[in-house]
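Enquirer: Shown below is the structure under consideration.
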Amino acid sequence: MTGVLPSQTLRELIADGSIAADPAVIPEQIQPASLDLRLGAVAYRVRASFLAGADAPVADRLAEFEMHRIDLTEGAVLEKGCVYVVPLMERLALPAGIQAVANAKSSTGRLDLLTRVITDGGTEFDRIPPGYAGPLYAEICPRSFSVLVRPGMRLNQIRFRAGHAVLDDAALAALHGETPLVPGDAVISEGLGFSVDLRPADSNLVGYRAKPHTGVIDLDRIGGYDPAEFWEELRTTEGRIILDPGAFYILVSREAVTIPPGYAAEMAPYMAMVGEFRVHYAGFFDPGFGWAEAGGAGSRGVLEVRCHEAPFVLEHGQVVGRLVYERMAELPETLYGREIASNYQGQGLKLSKHFRAP
């Protein structure tokens, strides 16, 4: 078996103990090609972000960097600009041929929550080697907004794979020929390129910029916040905007993307030499995202953009990232937007689910 493991295989890994949790994994955590991870009951405020390093357990490094502990049982605020490490409820005992990669969930990224998984002996964020056995931890750094969290909240997700199943450019071009991945011609170079939309057809609203001084966001409060209290609207009729250093933006891709049922994809940042910015968070795209038979008919990718050292002019149609496609090991039993509740199927420019529609 080669490829990204689908939902039914994840259930088998849970049943045989390769994926364990306390309390047990609940059905709502299982996505078409990934598993949601849940926060535990304590957060460690640490001096700085860190990796455990070869042969070192995270618990030992926490003893070095811990400043204080926060009980999350009744809910607690993680403050903007601080770094926290939270043990997760899930732990792994992976078979030798299975590796994993983690990522922030869509709503997490749209709140500018830098959230990464670390492991015992880990030398990379969000990468779990074949055969890993041990606990999982979430490193959380709120960048734009302070957030209220509780045990059981799902900020990260993890995707399991067997072997190497990434489509090279030739295979990706062939797939686009069979099942169009974007309307019209595709830009294919180490993945499917996508560009930014700064000339929407029916509005001059092109995005949002996070306000620097806001209130706390309760991550359990869905649709409860006025966007105007947290975001500045970006409007232009010129087809370009200037990104400010250190600012965080929500923009949208020009292309409506499709992920066919037999594939999964991951958003990767574009190469740094194209400008002083990056698409800040990579993200998972599940099988069925944007697929017409799952209610998508093409869904645009929301871009979480942070500018770096100098102001930068971003122009309509500029390529800002790419989607790397992988084969599924099997067709998943559930598809994004069809059998599961999916907040972002068929989306355009859209803030996270915590905000009321403007």
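Enquirer: Of P180, P200, P212, which residue is closer than 19 Å to H316 by Cβ, modelled with pLDDT under 95 and either of a type outside the set (A, V, I, L, M, F, W, C) or within 20 Å of the chain's Cα centre (by Cα) (or both)?
Expert: Details: P180 fails: closer than 19 Å to H316 by Cβ; P212 fails: closer than 19 Å to H316 by Cβ.
Unique residue meeting the criteria: P200.
Enquirer: Based on what the data block shows, is G193 closer than 20 Å to S299 by Cβ and not in a strand (DSSP E or B)?
Expert: no
Enquirer: Ok, one more. Tell me the residue from Y281, Y263 that is open to solvent by 10 Å² or more (accessible area, probe 1.4 Å) and modelled with pLDDT under 90, please.
Expert: Y281
Enquirer: Here's another thing I want to ask about it. When the residues of segment 15-25 are filtered to those that are open to solvent by 50 Å² or more (accessible area, probe 1.4 Å) and aliphatic (A, V, I, L, M), which remaining residue is farthest from the chain's Cα centre (by Cα)?
Expert: A15
Enquirer: Also: Taking G122 as the residue in question, decide whether it is closer than 25 Å to G3 by Cβ, in contact (Cβ under 8 Å) with a residue 40 or more places away in the chain and open to solvent by 30 Å² or more (accessible area, probe 1.4 Å).
Expert: No, not satisfied.
Enquirer: Hey, among A52, A43, A56, which residue is surrounded by 12 or more Cβ atoms within 10 Å (Cβ to Cβ), touching a Lys or Arg at 6+ places or on another chain (Cβ under 9 Å) and in a loop (DSSP other than H, G, I, E, B)? Break it down into steps so the answer makes sense when it comes.
Expert: Working: A43 fails: in a loop (DSSP other than H, G, I, E, B); A56 fails: touching a Lys or Arg at 6+ places or on another chain (Cβ under 9 Å).
One residue alone meets the criteria, A52.
Enquirer: Then there is this: May I ask you to list pairs of residues, at least six apart or on different chains, whose Cβ atoms are under 7 Å apart, with the first in segment 203-224 being among the hydroxyl-bearing types (S, T, Y) and assigned to a loop (DSSP other than H, G, I, E, B) and the second being at pLDDT 95 or above and open to solvent by 30 Å² or more (accessible area, probe 1.4 Å)?
Expert: Filtered contacts from segment 203-224: T214/E229.
Enquirer: State all residues of segment 191-214 that are open to solvent by 20 Å² or more (accessible area, probe 1.4 Å) and touching a helix residue (DSSP H, G or I) at 6+ places or on another chain (Cβ under 7 Å); if no residue qualifies, say none.
Expert: T214
Enquirer: For segment 146-165, does any single residue satisfy the condition of being β-branched (V, I, T), surrounded by 16 or more Cβ atoms within 10 Å (Cβ to Cβ) and either touching a Lys or Arg at 6+ places or on another chain (Cβ under 6 Å) or assigned to a loop (DSSP other than H, G, I, E, B) (or both)?
Expert: No.
Enquirer: Is there a residue in segment 18-25 that is at negative phi and free of Cβ contacts under 8 Å to residues at least 40 places away in the same chain?
Expert: yes
Enquirer: Next up: Please state which of the following conditions T73 fails to meet, knowing it meets all the rest: (1) open to solvent by 30 Å² or more (accessible area, probe 1.4 Å); (2) among the β-branched types (V, I, T); (3) in a helix (DSSP H, G or I).
Expert: Only one criterion in (1) open to solvent by 30 Å² or more (accessible area, probe 1.4 Å); (2) among the β-branched types (V, I, T); (3) in a helix (DSSP H, G or I) is unmet by T73, namely (3).
Enquirer: Does R45 satisfy the criteria of being charged (D, E, K, R) and touching a Pro at 6+ places or on another chain (Cβ under 9 Å)?
Expert: Values: charged (D, E, K, R): yes; touching a Pro at 6+ places or on another chain (Cβ under 9 Å): no.
No; evaluated as a whole, the condition is false for this residue.
Enquirer: Go through segment 1-14 and give me each residue that's touching a residue at least 24 places away in the same chain (Cβ under 8 Å) and either surrounded by 18 or more Cβ atoms within 10 Å (Cβ to Cβ) or assigned to a loop (DSSP other than H, G, I, E, B) (or both).
Expert: M1, T2, G3, V4, L5, P6, S7, T9, L10, L13
The values are calculated or read from the model by the stated rules, or taken from the named source; none is laboratory data. On a predicted model such as this, the values are computed, not experimentally measured, just so you know. Ideal geometry is used to build each Cβ from the backbone, glycine not excepted, and the neighbour counts take in all protein chains shown. When the accessible area is computed, the model is the full protein with side chains, heavy atoms only, and any ligands, DNA or RNA have been set aside. Shrake-Rupley method; radii C 1.70, N 1.55, O 1.52, S 1.80 Å.
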